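Asker: My questions all concern the structure below.
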Amino acid sequence: MKDLSGKNALLTGGSRGLGPYIGRALAGEGVNVALTARSEAELRAVAGELAAMGVKAKAIPADVTDVASRTKLLDEVRAELGGIDILVNNAGIERLSLYTRLSPEFIETMIYTNLAAPLLLTRLLLPEMMRQGSGHIVTISSMGGKKGSPYSATYAGTKAGLIEWTRGLREELRHTGVSASVICPGFVAEAGMFAVYGKSAPRIAGETTPEKVADAVIRSIRKDVGEIIVNPGPIRPMLVLDAIHPGIGAWIFRTFGVYDFYRRQSEENEGESQKE
Ligand SMILES: NC(=O)c1ccc[n+]([C@@H]2O[C@H](COP(=O)([O-])OP(=O)(O)OC[C@H]3O[C@@H](n4cnc5c(N)ncnc54)[C@H](OP(=O)(O)O)[C@@H]3O)[C@@H](O)[C@H]2O)c1
């Protein structure tokens, strides 16, 4: 989709973290944006900011894990903006923790939020895009989906699922005018789900910015790129080595303190939840 101006996008996870950056990047291209998340006041504030950039911006609260809520969401977006040209599956949750310390209910919620919801929202929208003969689905995965980490195993499972789902779907959509891309950001320290820790990731793991993630979303649509890793540093050669010889990546991350970093954050979370 070379010219994004005047297109309509639905962005999940629009209330905070990386979502507002992606919303601003879309609005900067002249895209009208429907933002969704559960927190209405935050959504309205972001929508106000985007509208001031000269596009239509609508805040439509919804819980993406709820089946009725997803259908209602699409109906409301169509009523507010008309057809939907771009879906950005961005909403997601994470909790660094020993796997056995996560409740079965929380594991289920993470699977629904991170994996099932984007698949099902896309399933609702795709027939309309295919009838239009144009559209783009962008899904935010993570470096965690390329290389699973301890204390983050469930998250890694959901994010790896998004990568392979996008690969399959993208191939299936060839020659339909509709396409799919997946974005794999590395650690973002200044905004989003890891900002609460107030720390940088170890150098070897690489760190990126919310603006670069938002730029990657735009590039994936404009140039129809299947997968974008948003992470500086030596992560790509490490992934290649790891693919040839599984275990090398884990050895590197273990040796250079990445897994210790995750363990410390998970212990901090544990301390916090004991205070609650
Ligand atoms: N930050 C990073 O370092 C990083 C790195 C790699 C990948 N990612 C991925 O980037 C995406 C955005 O993450 P973030 O860092 O911006 O996280 P965040 O700051 O925690 O924001 C998550 C967003 O998802 C929404 N959300 C969560 N559960 C929802 C639900 N059931 N229904 C509707 N909306 C829901 C939240 O809104 P409400 O709570 O208001 O519903 C919020 O807008 C995620 O998919 C994440 O996995 C982030």
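Laboratory data are not the source of any read-out in this text; all were calculated from the coordinates shown. Everything numeric in this text was worked out from a predicted model, so none of it was measured. All Cβ positions, glycine included, derive from the backbone under ideal geometry; neighbour counts span all protein chains shown.
Asker: Simple spin-label model, 7 Å along Cα-to-Cβ: L241 to D260 in nm?
Answerer: 1.9
Asker: Okay, moving on. To check my understanding: the extent here is largest minus smallest coordinate of the Cα atoms along each principal axis. What are those three numbers for region 40-110, in Å, largest first?
Answerer: Answer, in whole Å and largest first: 48, 25, 21 Å.
Asker: F106 label point, 7 Å along Cα→Cβ, cut-off 17 Å on backbone N: hits in region 179-216?
Answerer: Hits in region 179-216 for F106 at 17 Å: 193-197.
Asker: Among A25, G6, G226, pick out the residue whose Cα is farthest towards the positive end of the charge dipole of the chain, where Lys and Arg carry +1 and Asp and Glu carry -1 on C-beta, about the Cα centre.
Answerer: G226
Asker: Ranked highest first by the average count of other Cβ atoms within 10 Å around their residues, in what order do 255-264, 124-133, 4-13, 240-249 fall? Can you show the working numbers first?
Answerer: Values: 255-264: 16.8, 124-133: 14.9, 4-13: 21.7, 240-249: 12.8.
Averaged packing, sorted descending, gives the order 4-13, 255-264, 124-133, 240-249.
Asker: Further, regarding this structure: Check which residues have an amide H placed less than 5 Å from A180's amide H, if you skip close sequence neighbours.
Answerer: I137
Asker: Between V225 and I204, take the C-beta separation as r, use R0 = 25 Å, and let me know the FRET efficiency to the nearest 0.05.
Answerer: Using R0 = 25 Å, I get an efficiency of 0.50.
Asker: Can you tell me what the convex hull of the Cα atoms of region 126-250 projects to on average, as an area in nm²?
Answerer: For the Cα atoms of region 126-250, the hull's average projected area reads 8.5 nm².
Asker: Sorted from largest down, give the three principal axis spans of the alpha carbons of region 63-209, whole angstrom values.
Answerer: Cα extents, longest axis first: 46, 31, 26 Å.
Asker: Less than 15 Å from a label point 7 Å out along the Cα-to-Cβ axis of S134: which backbone N atoms in region 10-54 qualify, by residue?
Answerer: Counting only backbone N, you get 30-32.
Asker: Along the positive direction of the dipole of the chain (beta-carbon charges: Lys, Arg +1; Asp, Glu -1; about the Cα centre), which of M129, T158, I244 reaches farthest?
Answerer: Projecting each Cα onto the dipole axis, the largest value belongs to I244.
Asker: Hey, got the dipole for region 8-275? About the Cα centre, +1 on K and R Cβ, -1 on D and E Cβ, debye to the nearest 20? Kindly include the intermediate steps, with their values, before the conclusion.
Answerer: Working: 30 positive and 29 negative charges, 89 e Å.
Its charge dipole is roughly 420 debye.
Asker: Counting each DSSP H run of 4 or more residues in the chain as -39500 (n - 2.57), what helix-only mean residue ellipticity at 222 nm follows after dividing by all residues, to the nearest 500 deg cm²/dmol?
Answerer: Taken over the chain, the calculation gives -15000 deg cm²/dmol.
Asker: Project the alpha carbons of region 8-275 onto their principal axes and report the range along each, largest first, in whole Å.
Answerer: Between the extreme Cα coordinates on each principal axis of region 8-275 lie 52, 45, 34 Å.
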